[in-house]
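Participant: First the structure, then my questions, so here it is.
The values are calculated or read from the model by the stated rules, or taken from the named source; none is laboratory data. Computed from a predicted model, the values in this text were never measured in an experiment. When we count neighbours, we look across all protein chains shown, and the Cβ atoms used for this are built from the backbone with ideal geometry, even at glycine. For the accessible areas, the whole protein counts, side chains as well, though only heavy atoms, and no ligand, DNA or RNA atoms are used. Shrake-Rupley method; radii C 1.70, N 1.55, O 1.52, S 1.80 Å.
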Amino acid sequence: DTGVSQDPRHKITKRGQNVTFRCDPISEHNRLYWYRQTLGQGPEFLTYFQNEAQLEKSRLLSDRFSAERPKGSFSTLEIQRTEQGDSAMYLCASSVVGEGETQYFGPGTRLLVL
Amino acid sequence: AQTVTQSQPEMSVQEAETVTLSCTYDTSESNYYLFWYKQPPSRQMILVIRQEAYKQQNATENRFSVNFQKAAKSFSLKISDSQLGDTAMYFCAFMRINNNDMRFGAGTRLTVKP
């Protein structure tokens, strides 16, 4: 069990550029979550998948954000036309249905938009 | 809407002593999960302890225990025999049954002093 992994760990981009992050969940975890964490705050839920289906999206997730989990394994989170307010840590977590919904987190991708 | 409040932004404790972190939450649900997560500096978030609301017995995990007061909607974390490695941000989190929108508090920064 290698844990949840995220790539890249750090990303610096210029305002207006698109960025894509990847998350690999713990193998056989059928639920995958994305959160955003800004400095000094707790994580905020963005969206989650069960297998390949995106079942819930937060109102925080603007139209510039899109997430996919095409084969029910890894997931990508894309931000289009980045803004300075998108600067944050983006966390991914995974869980197994039926195991008390405990979510296991990855190390995060820290995004800085200049 | 469910909200989680951690009223102590920062706390410190001497090594080997005991410290209690506070958490309150607001919900109209009768069944849910509560969690404490630990986020060490520049490291990923890990689960410390979890509690199912339908269980009256307080959860314990080695040096970590909770005081779950359902009527008061309070969920405090007690760390006994504090160790330097306990230095971290601690987040309290709430999740409804069958709903994967986990809500986090703003966190408490705990420093264990030698």
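Participant: Only one residue in A:Arg9, A:Arg81, A:Arg22, A:Arg36 is at pLDDT 90 or above and either at positive phi or hydrophobic (A, V, I, L, M, F, W, C) (or both), so which one is that?
Facilitator: A:Arg81
Participant: Would you check if B:Ala71 is without any contact (Cβ under 8 Å) to a residue 12 or more places away in the chain, over 20 Å from A:Gly98 (Cα atoms) and surrounded by fewer than 20 Cβ atoms within 10 Å (Cβ to Cβ)?
Facilitator: Taking the combined requirement at face value, the residue satisfies it.
Participant: Among the residues of the range A:80-111, count how many are closer than 17 Å to A:Phe21 by Cβ and assigned to a strand (DSSP E or B).
Facilitator: Residues in the range A:80-111 being closer than 17 Å to A:Phe21 by Cβ and assigned to a strand (DSSP E or B): 11 in total.
Participant: So, one more: I need the full set of residues from the range B:5-47 which are assigned to a strand (DSSP E or B) and open to solvent by 40 Å² or more (accessible area, probe 1.4 Å), in order please.
Facilitator: B:Thr5, B:Glu10, B:Met11, B:Ser12, B:Gln14, B:Thr20, B:Thr24, B:Asp26, B:Ile46, B:Leu47
Participant: OK, next. Within the range B:48-60, count every residue that is touching a strand residue (DSSP E or B) at 6+ places or on another chain (Cβ under 7 Å) and either among the basic types (Lys, Arg) or not in a strand (DSSP E or B) (or both).
Facilitator: Selection size over the range B:48-60: 4.
Participant: Being surrounded by 15 or more Cβ atoms within 10 Å (Cβ to Cβ) and either within 11 Å of chain B (Cβ to nearest Cβ) or assigned to a loop (DSSP other than H, G, I, E, B) (or both) is the filter here, so list the residues in the range A:37-56 that pass it.
Facilitator: Within the range A:37-56, A:Gln37, A:Gln41, A:Gly42, A:Pro43, A:Glu44, A:Phe45, A:Leu46, A:Thr47, A:Tyr48, A:Phe49, A:Gln50, A:Glu56 qualify.
Participant: Okay, next question. Kindly provide the set of residues from the range A:57-66 that are small (Gly, Ala, Ser) and either within 11 Å of A:Arg31 (Cβ to Cβ) or more than 14 Å from chain B (Cβ to nearest Cβ) (or both), ordered by number.
Facilitator: A:Ser62, A:Ser66
Participant: Let me ask something additional. Tell me which residues, restricted to the range B:84-114, are in contact with a Phe, Trp or Tyr (Cβ under 8 Å, 6 or more places away or on another chain), within 17 Å of A:Gln103 (Cβ to Cβ) and open to solvent by less than 30 Å² (accessible area, probe 1.4 Å).
Facilitator: Result: B:Tyr90, B:Phe91, B:Cys92, B:Ala93, B:Phe94, B:Met95, B:Asn100, B:Asp101, B:Met102, B:Phe104, B:Gly105, B:Gly107.
Participant: Can you find even one residue in the range B:96-106 that is within 10 Å of chain A (Cβ to nearest Cβ), over 14 Å from B:Val48 (Cα atoms) and acidic (Asp, Glu)?
Facilitator: Among the residues of the range B:96-106, at least one is within 10 Å of chain A (Cβ to nearest Cβ), over 14 Å from B:Val48 (Cα atoms) and acidic (Asp, Glu), which makes the answer yes.
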